[in-house]
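Engineer: So that we are looking at the same thing, I have put the structure below in structure tokens.
The values are calculated or read from the model by the stated rules, or taken from the named source; none is laboratory data. This is a predicted model, so every value here is computed, not measured. So basically every Cβ, Gly included, is an ideal-geometry build from the backbone, and we count neighbours across all protein chains shown.
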Amino acid sequence: MPVTSLEATLDCDQLKPGDRIEVEHRVTVGARQWTTRTRGKVVRIERRRHGLHFRRNFDDKVYSDLILLELPDRELTTVTVDEFTVVRPAPLAEK
């Protein structure tokens, strides 16, 4: 998912509640990969500590950036931001 210089991308630090965004992210399950897009309104941004890594030192702190989005049908979904995630402003046609 290369980002061209013409695309307006956003950083998590630039987002605020109420922003309408489109998140493009890569999903990997086993050997399969695919790209998906999620559009919605930002409810909140958080950095959450987790323990997803096996046999790490107990005092290692591992964090992930999360975006909580409200989808057009008012459903809430959480997107974990990683190095393959691209966040853009949502197209203006969407309300």
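Engineer: Taking the stretch 81-95 as the search range and keeping residues that are within 15 Å of residue 64 (Cβ to Cβ) and surrounded by 13 or more Cβ atoms within 10 Å (Cβ to Cβ), which one is modelled with the lowest pLDDT?
Structural biologist: Among them, the one singled out is 84.
Engineer: Scan the stretch 23-36 and tell me whether some residue there is under 16 Å from the mean Cα position of the chain (by Cα), at pLDDT 85 or above, more than 15 Å from residue 82 (Cβ to Cβ) and surrounded by 10 or more Cβ atoms within 10 Å (Cβ to Cβ).
Structural biologist: no
Engineer: If you don't mind, there's one more thing I want to ask. Of everything in the stretch 51-76, what is at pLDDT 90 or above and either touching a Gly at 6+ places or on another chain (Cβ under 7 Å) or assigned to a loop (DSSP other than H, G, I, E, B) (or both)? Give them in sequence order.
Structural biologist: Result: 69, 70, 71, 72, 73, 74, 75.
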